[in-house]
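The values are calculated or read from the model by the stated rules, or taken from the named source; none is laboratory data. These numbers were taken from a predicted model, which means no experiment stands behind them. Neighbour counts are summed over all protein chains in view; Cβ atoms, including those assigned to glycine, are modelled from backbone coordinates with ideal geometry. We work out accessible area using only protein heavy atoms, side chains counted, and drop any ligands, DNA or RNA first. Shrake-Rupley method; radii C 1.70, N 1.55, O 1.52, S 1.80 Å.
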Amino acid sequence: MAKKGHAEKETDVDLTAFLNILVTVIPVLLSTAVFSRMAVTQLNLPTVAGAGAAAAAAKGPTLTVEVIVRGSGIEVTDGKKVVRAFANVKGSTPDASEDDPGYRYKDLNDYLLTLKGSFPDKNDATILIEPQVKYDFVVSVIDAIRLHKDKPSDLITKNVFPDLAIGDAP
């Protein structure tokens, strides 16, 4: 039986309290959000070392920079022969981990800076990496080739060879 005198009333949902919370929470979340900056390095495929050699010979002396990252160390070549080698030194950095092979990034960077002094218009280099070299060490080598800081605490860097090509080591 239906009760008499009790009519069901339709009520509206009151969203005022919810909107007040949103008005307060959204600015707080936006002000504390960490906006990340994504740094992207463009890497290219290596070119043939002898490509365009006749045209380059007419321009004068040129420089081909190839940095080969091996498990035993880093080699700098001119595309034909090794011109400088940096053997690994265990414990070369004070904060080196157990699995750090001891790559000499600073020595590589200093040598490439002297090459850059002789060929200031040269901007490209090729990095050839053996498959067993870990990614973290590859990134450190890329940084050593691309940029130079006078002191580790410097915020200002100089470009050494910013245009990089990457491939497998022979």
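For the reader, a short list of remarks on this structure follows.
- Qualifying residue in region 6-25 (condition: basic (Lys, Arg), over 28 Å from the mean Cα position of the chain (by Cα) and modelled with pLDDT of 65 or more): yes
- Unmet criterion (only one of (1) touching a helix residue (DSSP H, G or I) at 6+ places or on another chain (Cβ under 9 Å); (2) open to solvent by 60 Å² or more (accessible area, probe 1.4 Å); (3) at pLDDT 80 or above) for LYS149: (3)
- Failed item in (1) of a type in the set (Asp, Glu); (2) surrounded by 16 or more Cβ atoms within 10 Å (Cβ to Cβ); (3) modelled with pLDDT of 90 or more, with ASP100 passing the rest: (3)
- The test for being open to solvent by less than 60 Å² (accessible area, probe 1.4 Å) and either modelled with pLDDT under 85 or among the aromatic types (Phe, Trp, Tyr) (or both) holds for GLY60.
- Output for region 103-118, where each listed residue is not in a helix (DSSP H, G or I) and not charged (D, E, K, R): TYR103
- Among the residues of region 109-121, not a single one is at pLDDT 90 or above and in contact with an Asp or Glu (Cβ under 6 Å, 6 or more places away or on another chain).
- The set of residues from region 116-134 being surrounded by fewer than 18 Cβ atoms within 10 Å (Cβ to Cβ) and not acidic (Asp, Glu) comprises GLY117, SER118, PHE119, PRO120, LYS122, ASN123, PRO131, GLN132, VAL133, LYS134.
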